[in-house]
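Everything on this sheet refers to the single structure shown next.
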Amino acid sequence: MPPAAPECPTAVLEVACDESGSEGEKLVRGSTDTFAHASVDVTTATALETIDRVRVEARSPATEVKAGVVLRPQNRRLLDWLLGPEGPLLGRAHVHLTDKALHLTGRMLDLLEPSTDSRTRLARQALLLHRGAARRLGPAGWEAVLADFNELVRARSLEEATASALALRSGLHEVRDLAPGLAGSVPTDADGLLALVARGRGVLDPIVPALTEVLRHWGASGRPLWVVHDVQATLTDAAIRAAVGASADGGADRLEGIAFVDSQDDPRVQLADFLAGAARRIASHVLAGEADPGLVALIGPYVSPRSTWRGSWPVGDAA
């Protein structure tokens, strides 16, 4: 079991978290196009009862029941119950969704053309560029441009950075009317390239804004907050500091601490895994134009309105 939350004069709010779709800073041309981060506020007893029901109804012999079990077509009724009003999560859980390509578009704008614009304005600019460029170049063509930027920021040598920068400038030139000056903002000199790679280090991973959302959302209760999270290599000390810094306007001052556990040792984290896995699968189908209206309606109340998402989504607040 995870370390116990510290005793405080006000009851500590302890939430358990897990993610689905993490590939670190590789945001395009990977295994998944969507990242989902879920947090739940349930008791250990409720989590154990839920997992026992899942194991029995899904006829799963596994010691640790993963999200894939409840996502099998034959277990649809179980998933409907888990997410629905009779299940254990509605009103006790929250999901932050990330369309990885849209997230990368925003990071590209931010790194190539730093400005004092609000995060809301930057997100709007990213959405307009992402939609317009995908129409102009086709989804695969715009993905290729984003891949060049992704590789540039993650370059391990000056040679790699130079090659990616030249390809990126060429690609952005094709959409210059959608983002005037952006292609020219891509450096080609050694100092400029090294500075860009240094600025981009650690800022692409979507788990940082996801953890920021955990602090903002649950911190709004006004109670001291203790976070229990599945072991996640990308949640480094630097990433946690970045998330805390980004949520300084709400939630960060109430964070008492973060404990990392193996999901096998905490059933609440397993429930967060269920929710994150379901949300990612449902959202990925939405992006592919294969949405299941029933599941979209069920997951909608959990999804944060601050999610990084390109289209309409029936977001709500189930916590």
Quiz prompt | √(5λ) per eigenvalue of the Cα gyration tensor, region 1-101, largest first, Å | solution = 24, 22, 13
Quiz prompt | For the chain: relative contact order, % (alpha-carbon pairs under 8 angstrom, 6 or more apart) | solution = 31 percent
Practice problem: Given the options T116, T105, T43, state which has the largest fluctuation in a GNM of the chain using a 10 Å cut-off (strictly under) for Cα springs. | Solution: T116
Self-check item: All-pairs Cα distance distribution in region 51-116, expressed in whole percent, bin size 5 Å
Solution: 3, 14, 17, 15, 12, 9, 8, 8, 8, 5, 2
Quiz item: Which of A279, A233, A126 moves the most in a Gaussian network model of the chain with Cα springs under 10 Å?
Solution: A233
Quiz item: Using a ≥ b ≥ c from the Cα gyration tensor of the chain (square roots of the eigenvalues), is it rounded, prolate or oblate, where a/c under 1.5 gives rounded and otherwise the larger of a/b and b/c decides, a/b for prolate?
Solution: prolate
Quiz item: Expressed as a whole number of Å, what is the distance separating the alpha-carbon centroids of region 190-258 and region 133-181?
Solution: 27 Å
Practice problem: Please name which of G87, H130, H103 has its Cα lying farthest along the dipole of region 8-147 towards the positive end, using unit charges on Cβ (Lys, Arg +1; Asp, Glu -1) and the Cα centre as origin. | Solution: H130
Practice problem: Under a 10 Å cutoff between Cα atoms, tell me which one of H173, H94, H130 has the largest fluctuation in the Gaussian network model of the chain. | Solution: H173
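Any idea of the accessible area per residue across the chain, 1.4 Å probe, to the nearest Å²?
45 Å²
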Self-check item: Size of electric dipole in region 82-185: Cβ of Lys, Arg +1 and of Asp, Glu -1, about Cα centre, debye, nearest 20
Solution: 260 debye
Self-check item: For G257, distant residues with modelled amide H under 5 Å away
Solution: V227
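The values are calculated or read from the model by the stated rules, or taken from the named source; none is laboratory data. Please read all numbers here as calculations on a predicted model, not as lab measurements. So basically every Cβ, Gly included, is an ideal-geometry build from the backbone, and we count neighbours across all protein chains shown. For accessibility, only protein heavy atoms count, side chains too; no ligands or nucleic acids. Shrake-Rupley method; radii C 1.70, N 1.55, O 1.52, S 1.80 Å.
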